[in-house]
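Q: Right, I'll just put the structure down here and ask away after.
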Amino acid sequence: MPKLIKGKMVSIGALAEETGASIAQVRFWTSLNLLKPSRKLDPTNPRSFFLYNKKRSIPRIKFIQAKKKERYKIKDIKEQIKKEKF
């Protein structure tokens with residue numbers, strides 16, 4: 001299974017590897033709507049995995065990581081993401 005698909009879409013593993021985040025962190029941030037997958041690899045299969053837009057997701061993860069280092073709470077990070085319109 002390729003981690004990078006067509007240069008724009010990446011799997012959760014590739015996203016985690018690129019940013020230094022764990023797959024569990026990416027899943028957690030996705031569950032809190034801090035990250036939004038672009039689409040499923042196979043929309044007809046409920047067990048298919050999500051793909052993320054590389055250009056949008058990597059900067060957002062780096063932003064989340066920076067704010068977490070500064071001890072921001074998740075709700076504050078979420079508000080800043082809404083304001084910044086990543």
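The values are calculated or read from the model by the stated rules, or taken from the named source; none is laboratory data. Source: prediction; values computed, not measured. Positions of Cβ are backbone-derived with ideal geometry, glycine not excepted, and every protein chain shown enters the neighbour counts.
Q: For region 44-67, give me each residue that is over 20 Å from G13 (Cβ atoms) and either at pLDDT below 95 or surrounded by fewer than 12 Cβ atoms within 10 Å (Cβ to Cβ) (or both).
A: Applying the first criterion (over 20 Å from G13 (Cβ atoms)) to region 44-67 yields 44, 63, 66-67.
Once the filter is applied, which keeps residues that are over 20 Å from G13 (Cβ atoms) and either at pLDDT below 95 or surrounded by fewer than 12 Cβ atoms within 10 Å (Cβ to Cβ) (or both), region 44-67 yields T44, A66.
Q: Within region 31-53, can one find any residue that is assigned to a helix (DSSP H, G or I) and among the basic types (K, R)?
A: Within region 31-53, the subset assigned to a helix (DSSP H, G or I) is 31.
Restricting the remaining residues to those that are among the basic types (K, R) gives none.
Among the residues of region 31-53, not one is assigned to a helix (DSSP H, G or I) and among the basic types (K, R), which makes the answer no.
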